[in-house]
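Enquirer: The structure that follows is given in the form of C-alpha coordinates.
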Amino acid sequence: MAMSSRPEQAGYAWARRALAATGAIAVLGMASACSEPAAKKEYDVPRALCGVPVDPDLLSPFLPAGKKVRVLETRPVPSRKQCRVDVDGKWAFMANLQWWEKDVDVSTVVAANPETDKAPQSTGDDFFYTGTGAVKLVKGCKSPDHARHLLYTSIVVDDPDLGDTAAMKKLANAFTEAVGKSDACA
(Lines give C-alpha, C1' and ligand atoms only; values in the text may rest on other atoms or scores of the structure.)
Protein backbone atom coordinates (compact mmCIF):
# COMPACT_ATOMS: atom_id res chain seq x y z
CA MET A 1 0.00 0.00 0.00
CA ALA A 2 2.90 2.31 0.62
CA MET A 3 3.86 1.93 -3.04
CA SER A 4 0.48 3.01 -4.34
CA SER A 5 0.27 6.12 -2.15
CA ARG A 6 3.64 7.43 -3.35
CA PRO A 7 2.56 8.01 -6.93
CA GLU A 8 -0.67 9.50 -5.58
CA GLN A 9 1.27 11.83 -3.28
CA ALA A 10 3.57 12.77 -6.13
CA GLY A 11 0.52 13.56 -8.28
CA TYR A 12 -0.97 15.73 -5.54
CA ALA A 13 2.32 17.51 -5.03
CA TRP A 14 2.56 18.23 -8.74
CA ALA A 15 -1.04 19.49 -8.79
CA ARG A 16 -0.37 21.75 -5.79
CA ARG A 17 2.72 23.20 -7.49
CA ALA A 18 0.80 23.78 -10.74
CA LEU A 19 -2.04 25.42 -8.83
CA ALA A 20 0.39 27.62 -6.89
CA ALA A 21 2.16 28.63 -10.11
CA THR A 22 -1.16 29.46 -11.79
CA GLY A 23 -2.20 31.53 -8.76
CA ALA A 24 1.11 33.38 -8.76
CA ILE A 25 0.78 34.18 -12.46
CA ALA A 26 -2.77 35.43 -11.90
CA VAL A 27 -1.68 37.64 -9.00
CA LEU A 28 1.22 39.05 -11.01
CA GLY A 29 -1.09 39.68 -13.96
CA MET A 30 -3.55 41.57 -11.78
CA ALA A 31 -0.77 43.53 -10.11
CA SER A 32 0.70 44.58 -13.43
CA ALA A 33 -2.74 45.59 -14.73
CA CYS A 34 -3.29 47.68 -11.61
CA SER A 35 0.11 49.28 -11.89
CA GLU A 36 -0.55 50.59 -15.41
CA PRO A 37 -0.21 54.35 -15.18
CA ALA A 38 -3.54 56.14 -15.37
CA ALA A 39 -3.99 58.39 -18.36
CA LYS A 40 -2.91 61.91 -17.47
CA LYS A 41 -2.91 65.42 -18.80
CA GLU A 42 0.41 66.07 -20.48
CA TYR A 43 -0.65 69.59 -21.46
CA ASP A 44 -1.01 72.88 -19.63
CA VAL A 45 -4.65 73.63 -18.82
CA PRO A 46 -5.70 76.92 -20.46
CA ARG A 47 -5.63 80.04 -18.29
CA ALA A 48 -8.12 82.00 -20.41
CA LEU A 49 -11.26 81.38 -22.47
CA CYS A 50 -12.62 83.98 -24.90
CA GLY A 51 -9.91 86.34 -23.65
CA VAL A 52 -11.23 86.01 -20.11
CA PRO A 53 -8.95 84.71 -17.34
CA VAL A 54 -10.00 81.38 -15.84
CA ASP A 55 -8.49 79.46 -12.95
CA PRO A 56 -6.94 76.30 -14.47
CA ASP A 57 -7.81 74.38 -11.29
CA LEU A 58 -11.51 75.09 -11.91
CA LEU A 59 -11.32 74.12 -15.60
CA SER A 60 -9.11 71.04 -15.23
CA PRO A 61 -11.75 68.58 -13.89
CA PHE A 62 -13.71 68.96 -17.12
CA LEU A 63 -10.84 68.22 -19.49
CA PRO A 64 -9.80 64.67 -20.39
CA ALA A 65 -6.33 63.17 -20.28
CA GLY A 66 -4.25 63.79 -23.36
CA LYS A 67 -1.08 65.19 -24.82
CA LYS A 68 -2.04 68.37 -26.65
CA VAL A 69 -4.57 71.11 -25.96
CA ARG A 70 -5.76 73.80 -28.34
CA VAL A 71 -8.16 76.69 -27.69
CA LEU A 72 -10.14 77.91 -30.70
CA GLU A 73 -12.07 81.15 -30.62
CA THR A 74 -14.78 81.90 -33.17
CA ARG A 75 -17.65 84.31 -33.62
CA PRO A 76 -20.29 82.34 -35.59
CA VAL A 77 -22.72 85.29 -35.37
CA PRO A 78 -22.23 88.85 -34.05
CA SER A 79 -24.12 88.05 -30.84
CA ARG A 80 -22.02 85.03 -29.90
CA LYS A 81 -18.38 84.41 -29.05
CA GLN A 82 -17.44 80.74 -28.85
CA CYS A 83 -14.33 79.29 -27.21
CA ARG A 84 -13.71 75.62 -27.82
CA VAL A 85 -11.05 73.56 -26.08
CA ASP A 86 -9.80 70.57 -28.06
CA VAL A 87 -7.69 67.83 -26.51
CA ASP A 88 -5.72 65.67 -28.93
CA GLY A 89 -7.77 67.04 -31.83
CA LYS A 90 -11.21 66.29 -30.30
CA TRP A 91 -13.45 68.93 -28.76
CA ALA A 92 -13.72 68.53 -25.02
CA PHE A 93 -15.10 71.78 -23.61
CA MET A 94 -16.85 74.89 -24.84
CA ALA A 95 -17.48 78.29 -23.26
CA ASN A 96 -19.68 80.90 -24.91
CA LEU A 97 -20.62 84.53 -24.49
CA GLN A 98 -24.14 84.99 -25.83
CA TRP A 99 -26.06 88.25 -26.23
CA TRP A 100 -29.83 87.66 -26.05
CA GLU A 101 -32.59 90.24 -26.49
CA LYS A 102 -33.80 91.57 -23.13
CA ASP A 103 -37.34 90.27 -23.62
CA VAL A 104 -36.22 86.66 -24.13
CA ASP A 105 -37.06 84.51 -21.13
CA VAL A 106 -34.12 82.76 -19.47
CA SER A 107 -35.84 79.39 -20.03
CA THR A 108 -35.34 79.95 -23.77
CA VAL A 109 -31.64 80.57 -23.22
CA VAL A 110 -31.36 77.42 -21.11
CA ALA A 111 -33.24 75.31 -23.67
CA ALA A 112 -30.95 76.58 -26.46
CA ASN A 113 -27.82 75.34 -24.70
CA PRO A 114 -26.94 71.65 -24.73
CA GLU A 115 -26.44 70.01 -21.36
CA THR A 116 -28.43 72.63 -19.45
CA ASP A 117 -31.77 71.48 -20.79
CA LYS A 118 -31.39 68.18 -18.89
CA ALA A 119 -32.91 68.79 -15.44
CA PRO A 120 -30.69 71.69 -14.46
CA GLN A 121 -30.30 72.95 -10.94
CA SER A 122 -30.95 76.63 -10.40
CA THR A 123 -29.93 79.19 -7.83
CA GLY A 124 -32.97 81.29 -8.73
CA ASP A 125 -30.94 84.19 -10.11
CA ASP A 126 -30.75 83.38 -13.80
CA PHE A 127 -28.19 80.64 -13.19
CA PHE A 128 -28.84 77.07 -14.34
CA TYR A 129 -26.32 74.25 -14.24
CA THR A 130 -25.79 70.49 -14.44
CA GLY A 131 -22.61 68.46 -14.09
CA THR A 132 -21.77 69.04 -17.75
CA GLY A 133 -23.18 72.46 -18.55
CA ALA A 134 -24.22 75.87 -17.26
CA VAL A 135 -25.98 79.06 -18.32
CA LYS A 136 -25.63 82.23 -16.27
CA LEU A 137 -26.64 85.86 -16.74
CA VAL A 138 -23.78 88.37 -16.52
CA LYS A 139 -25.49 90.88 -14.24
CA GLY A 140 -25.03 94.56 -14.98
CA CYS A 141 -23.19 93.98 -18.23
CA LYS A 142 -23.67 96.75 -20.81
CA SER A 143 -22.28 97.11 -24.30
CA PRO A 144 -22.95 99.85 -26.85
CA ASP A 145 -22.88 97.18 -29.56
CA HIS A 146 -25.66 95.24 -27.81
CA ALA A 147 -27.78 97.97 -26.19
CA ARG A 148 -31.03 95.96 -26.14
CA HIS A 149 -29.45 92.70 -25.05
CA LEU A 150 -28.39 90.76 -21.97
CA LEU A 151 -25.14 88.81 -21.87
CA TYR A 152 -25.17 85.17 -20.77
CA THR A 153 -22.28 82.78 -20.38
CA SER A 154 -22.71 79.13 -21.23
CA ILE A 155 -20.49 76.12 -20.72
CA VAL A 156 -20.69 72.66 -22.26
CA VAL A 157 -18.55 69.62 -21.38
CA ASP A 158 -18.37 66.84 -23.98
CA ASP A 159 -17.58 63.83 -21.76
CA PRO A 160 -20.44 63.02 -19.35
CA ASP A 161 -18.02 60.98 -17.23
CA LEU A 162 -16.26 64.24 -16.34
CA GLY A 163 -19.46 65.86 -15.10
CA ASP A 164 -19.42 67.32 -11.59
CA THR A 165 -22.29 69.54 -10.47
CA ALA A 166 -20.46 71.26 -7.59
CA ALA A 167 -17.35 71.89 -9.70
CA MET A 168 -19.50 73.23 -12.57
CA LYS A 169 -21.22 75.66 -10.23
CA LYS A 170 -17.82 77.02 -9.09
CA LEU A 171 -16.43 77.28 -12.63
CA ALA A 172 -19.56 78.94 -14.06
CA ASN A 173 -19.66 81.47 -11.21
CA ALA A 174 -15.97 82.34 -11.57
CA PHE A 175 -16.07 82.52 -15.37
CA THR A 176 -19.21 84.68 -15.39
CA GLU A 177 -17.75 87.04 -12.78
CA ALA A 178 -14.58 87.39 -14.85
CA VAL A 179 -16.63 88.09 -18.00
CA GLY A 180 -18.45 90.85 -16.09
CA LYS A 181 -15.07 92.51 -15.44
CA SER A 182 -13.82 92.01 -19.01
CA ASP A 183 -13.95 94.15 -22.15
CA ALA A 184 -17.19 92.39 -23.10
CA CYS A 185 -18.94 94.64 -20.58
CA ALA A 186 -18.20 98.31 -21.22
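The values are calculated or read from the model by the stated rules, or taken from the named source; none is laboratory data. Please read these numbers as outputs of a predicted model, since none were measured by experiment. So basically every Cβ, Gly included, is an ideal-geometry build from the backbone, and we count neighbours across all protein chains shown. SASA here: full protein model, heavy atoms, side chains in, ligands and nucleic acids out. Shrake-Rupley method; radii C 1.70, N 1.55, O 1.52, S 1.80 Å.
Enquirer: For the range 69-186, report the accessible area per residue in Å² (1.4 Å probe, heavy atoms, rounded to an integer). Don't skip to the end; give the middle numbers.
Expert: Working: 6010 Å² over 118 residues.
For the range 69-186, the per-residue accessible area is 51 Å².
Enquirer: Order TRP99, TRP91, most accessible first, counting only protein heavy atoms with a 1.4 angstrom probe.
Expert: TRP91, TRP99
Enquirer: On the accessible surface of the range 35-186, probed at 1.4 Å, how many percent belong to carbon and sulfur atoms?
Expert: Solvent-exposed carbon and sulfur of the range 35-186 make up 49 percent of the total.
Enquirer: Then there's this: Lys pairs in the range 85-176, Cα-Cα under 16 Å, at least 8 apart or on separate chains: how many?
Expert: Count of close lysine pairs: 7.
Enquirer: While we're on this one: Got a number for the accessible area of ASP125? Probe 1.4 Å, square angstrom, nearest 10.
Expert: The accessible area of ASP125 comes to roughly 60 Å².
Enquirer: For the range 81-107, list residues with backbone N below 11 Å from a point placed 7 Å from the Cα of ARG75 toward its Cβ?
Expert: Within reach of a label on ARG75: 81-82.
Enquirer: Give me the Kirkwood hydrodynamic radius of the range 66-186 in Å, from all C-alpha pairs, to one decimal place?
Expert: For the range 66-186, inverting the mean 1/r across all distinct Cα pairs yields 14.6 Å.
Enquirer: Right, next: Could you pull out the trypsin sites (Lys or Arg not before Pro) across the range 56-120 that fall in loop regions by DSSP (anything but H, G, I, E, B) with no more than 13 other Cβ atoms inside 10 Å? Please report the intermediate quantities before stating the final value.
Expert: Numbers: sites: LYS67, LYS68, ARG70, ARG80, LYS81, ARG84, LYS90, LYS102, LYS118; in loops: LYS67, LYS68, LYS102, LYS118.
Taking the range 56-120 and a limit of 13 other Cβ atoms within 10 Å, the loop trypsin sites (Lys or Arg not before Pro) found are LYS67, LYS68, LYS102, LYS118.
Enquirer: Let me ask another. Roll a 1.4 Å probe over the protein heavy atoms and report the accessible area of TYR43 in Å², nearest 10.
Expert: For TYR43, solvent-accessible area is about 20 Å².
Enquirer: What length, rounded to one decimal in nm, is gained on full extension from ALA112 through to ASP159, with 0.36 nm per residue of separation minus their alpha-carbon distance?
Expert: 15.0 nm
Enquirer: Just reorder LYS181, LYS136 by solvent-accessible area, largest first, 1.4 Å probe, all chains present. Walk me through the numbers before you get to the answer.
Expert: On the way: LYS181 155, LYS136 30 Å².
Largest accessible area first, the residues go LYS181, LYS136.
Enquirer: Enter the accessible area of LEU58 (Å², nearest 10), with the probe set to 1.4 Å and all protein chains included.
Expert: Its heavy atoms expose roughly 40 Å² to the probe.
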